[in-house]
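A short worksheet on the structure shown next.
Rule-based calculations on the coordinates, nothing more; no lab input. Here the structure is a predicted model, which is why all the values come from computation and not from measurement. Please note: Cβ atoms are built from the backbone with ideal geometry, for glycine as well, and neighbour counts cover all protein chains shown.
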Amino acid sequence: MPDMIETRVTDASAEWYLWNQTTKGENFCEKWNKHPERAVAFFEWHIKLIADIERLAAAEGLDDVRRLLGDVVGPTPANAALDALTARLSTARTGNKLSVTKPAGLILGTTVGATPVRSNTFFGDAR
């Protein structure tokens with residue numbers, strides 16, 4: 001995102017420009033030029049966002065994802081998101097609609113070239 005923002009440095013300050021591609025002359029950053037603290041807040045937010053995404057990408061297991069996501073967005077929305085994902089996985093598993101592909105890994109649904117995931121009771125009694 002910051003790479004899309006044009007920065008013009010003058011003797012005393014900086015000006016920021018992010019041109020609207022559909023409305024000629026509209027600068028989405030125009031208020032930053034009057035309130036530079038908003039630009040500072042954006043760049044600080046962006047640095048934190050990238051760090052949060054990198055931590056989530058490095059997470060190992062859904063418990064780790066749940067904890068890290070809870071740190072980012074709060075426990076209530078993190079739990080709701082992970083509970084919804086778990087429900088979708090369970091529904092796909094019981095409906096034999098869980099597959100694996102080499103490039104994507106685990107997927108919900110059936111796709112050409114995907115390998116179906118076999119039923120599993122998780123108690124050692126495969127069907």
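Could you tell me the relative contact order of the chain? Use alpha-carbon pairs under 8 Å, at least six residues apart, and round to a whole percent. Spell out each step's value before the answer.
Working: 109 pairs, mean separation 12.2, N = 127.
The value is 10 percent.
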(request) Obtain the nm distance between the two label points defined at R38 and L18 by a simple spin-label model: each point lies 7 Å from its Cα along the Cα-to-C-beta direction. (result) 1.1
(request) Net charge near A51: determine it from the other residues with C-beta under 14 Å of the C-beta of A51, scoring Lys and Arg +1 and Asp and Glu -1. (result) -2
(request) Quick one: angle between helix 36-57 and the longest Cα principal axis of the chain, in degrees between 0 and 90, rounded to 10, please. (result) 20
(request) Quick one: dipole size for segment 1-93, taken about the Cα centre, charges +1 on Lys/Arg Cβ and -1 on Asp/Glu Cβ, in debye to the nearest 20. (result) 340
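Between F28 and R88, how high is the FRET efficiency from 1/(1 + (r/R0)^6) when r is the Cβ-Cβ distance and R₀ = 30 Å? Nearest 0.05.
Numbers: r = 36 Å, r/R0 = 1.19.
In this case the efficiency is close to 0.25.
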(request) Enumerate the whole-percent occupancy of each 5 Å bin, from 0 to the last occupied one, for all C-alpha pair distances of segment 31-127. (result) 2, 11, 13, 14, 15, 14, 10, 6, 5, 4, 2, 1, 1, 0
(request) Please identify, among A87, A14, A78, the residue showing maximal mean-square fluctuation in a Gaussian network model of the chain using a 10 angstrom Cα cutoff. (result) A14
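Can you tell me how segment 1-75 classifies by the Cα gyration tensor, rounded, prolate or oblate, using a/c under 1.5 as the rounded cut? Working shown, then result.
Working: a/c = 3.18, a/b = 2.44, b/c = 1.30.
Prolate, since a/c reaches 1.5 and a/b exceeds b/c.
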(request) Set Lys and Arg Cβ to +1 and Asp and Glu Cβ to -1, take the dipole of the chain about its Cα centre, and tell me which of L56, T86, T23 lies farthest positive. (result) T86
(request) Apply 1/(1 + (r/R0)^6) to the Cβ-Cβ distance of E6 and A114, taking R0 = 41 Å, and write down the FRET efficiency to the nearest 0.05. (result) 0.40
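Within 10 Å, at most 16 other Cβ atoms, and a DSSP state outside H, G, I, E, B define an exposed site. Report the longest part of the chain free of exposed GluC sites (Glu not before Pro).
Numbers: sites that count: E26, E60.
The reported range is 61-127.
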